[in-house]
């Protein structure tokens, strides 16, 4: 006999409907229904009641019988944060998979997926202006899904298509009364003519009161910034097949943040396109194969939690690079981190040269994901520099020591240094006693290496500007 636990978190009338649907689905199956709830409720379709002597289901409660074939949670609304205690209660009772009933939909979910979504660890921070496009919103119950198909192609421009954004902009910045906005007229039509309940409003007066409340929220955000209450829903975003951010839900607060030009806001990723999720797994696999870390940080909100080896160099370079320098060549760019940051932060015109096809694959994918325009070149630096040798800035981090390993490479390196024309270089040396340099044709200590570059190039001066675990960073300039 199939034992089914139903967690009754919905109002009585809604629970009646849920039980009828569940019973119809089980008509050909021998079963016993156990109903867990904190209130007085009776229904002839229930076989056993597991009443909790508490005003709510607390996560610390223990079930005396927790061996069930199916667990069904009946929700009254789609806010997962609202039912946080219920989900933690089920997890603490060793339940891993549940079915969620909400309105006319049934969702089979892994409990860990829901808990990960509602936990603080899943919060990402981004600039509101990074959210340029949106898609038709998914319900929060879809959290953690990696969806294939073309759902991400049918997108709209947030600032063009969201009625509230344009209406509120007119209302607050052009003194247009709420009664004259499209936002009010469109919603009133749905309330009065289509008989829809909008945010609990049933007439014009109630909806105008809601609009006045939105005014108050805007002024509060203007004064205090974005404040995320513990049990309120987050702004949700989706990630498309290319790694681009798509608005999902939370248009009112996002509108306020955009208009107030707030720098960073919290959000949660609800749905990812399967192609992006697969690419993310490729990066995680790469990290696993390299002692759990990638080479350097990735400046993408969905990849920031992946551990990396090299840290801190970008901020040092950013603080020393000349404002007059516009063009940048990154030699051995790896996955293009420095080019993407310099383009985004300082509007530099960058070229990323990477000879490894494997690294170049990741570089191009990440360049697309971050909407970057820098030029990515899969080529040997020696052949590239023959055609392109004038740049304002050269970045060469942990790369030049490879050209000391054989006489052939060393001679090519000398020609490269002699040919380069730039006003400044950021060079990071290797450590003199590294095993990889044991049988090298030539070897230099960090200070000697910087002097060697100046002597064999058109630069005149150098300055040590950082030390990263013995690998020193130099600013070399004319």
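Going from the residue with the fewest nearby Cβ atoms within 10 Å to the one with the most, 422, 327, 56 rank 56, 327, 422.
Residue ranges 314-320, 183-189 sort as 183-189, 314-320 when ordered by packing (mean number of other C-beta atoms within 10 Å per residue, highest first). Remark: the residue 423-residue 209 segment gains 70.9 nm on full extension, using 0.36 nm per residue and subtracting the alpha carbon distance. For segment 1-123, the convex hull spanned by the alpha carbon atoms encloses 107 Å³ per residue. With the cut-off at under 18 Å, measuring from each backbone N in segment 437-478 to a point 7 Å along the Cα-to-Cβ line of residue 389 picks out 453-460, 478.
The value obtained for segment 332-428, namely the Cα convex hull volume divided by the number of residues, is 93 Å³ per residue. Relative to the longest principal axis of the Cα atoms of the chain, the long axis of helix 204-224 makes an angle of roughly 30 degrees.
With both labels modelled 7 Å from their Cα along Cα-to-Cβ, the residue 27 to residue 451 distance reads 9.2 nm. Restricting attention to the chain, close to 40% of DSSP beta bridges with both partner residues there are antiparallel. Extending 7 Å from the Cα toward the beta-carbon at both residue 156 and residue 176 defines two label points whose distance is 1.6 nm. Centre-to-centre separation between the Cα atoms of segment 325-350 and those of segment 402-423: 22 Å.
When DSSP beta bridges are restricted to pairs lying wholly in segment 9-168, around 50% turn out antiparallel.
Length gained on full extension, residue 13 to residue 347, computed as 0.36 nm times the residue gap minus the Cα-Cα distance: 114.4 nm. Assuming R0 = 45 Å, what is the FRET efficiency of residue 113 and residue 202, from their Cβ-Cβ distance, to the nearest 0.05? Here the calculated transfer efficiency is 0.80.
Seen against the Cα atoms of the chain and their longest principal axis, helix 407-419 is set at about 90 degrees. Cα axis of helix 446-455 to longest principal axis of the chain: angle in degrees, 0 to 90, nearest 10? Once rounded, the angle reads 60 degrees.
Look at the alpha carbon pairs under 8 Å that are at least 6 residues apart: their mean separation over the length of segment 324-390 gives a relative contact order of 34 percent. Note on the chain: helix-only mean residue ellipticity at 222 nm, from DSSP H runs of 4+ residues weighted -39500 (n - 2.57) and normalised by residue number, equals -10500 deg cm²/dmol. Once the C-beta distance of residue 307 and residue 20 is scaled by a Förster radius of 51 Å, the resulting FRET efficiency is 0.50 to the nearest 0.05. Our compactness index for segment 285-334, the C-alpha radius of gyration over the empirical 2.2 N^0.38 Å, is 1.40. A Stokes-Einstein calculation at 25 °C with viscosity 0.890 mPa s, built on the Kirkwood radius of segment 120-275 over Cα pairs, returns a diffusion coefficient of 147 µm²/s.
Pairwise Cα separations in the chain fall into 10 Å bins from 0 onward with the following percentages, short to long: 3, 15, 21, 19, 16, 12, 8, 5, 1, 0. Normalised by the number of residues in the chain, the mean separation of alpha-carbon contacts (under 8 Å, six or more apart) gives a relative contact order of 9 percent. Between residue 322 and residue 289, the FRET efficiency estimated from the beta carbon spacing at R0 = 51 angstrom works out to 0.85.
Could you tell me how far the Cα centroid of segment 203-258 sits from the Cα centroid of segment 438-456, in Å? One Cα centre to the other: 56 Å.
Laboratory data are not the source of any read-out in this text; all were calculated from the coordinates shown. Since the model is a prediction, treat every value here as computed from it, not as a measurement. Every residue, glycine as well, gets a Cβ built from its backbone with ideal geometry; the counts of neighbours run over all protein chains shown.
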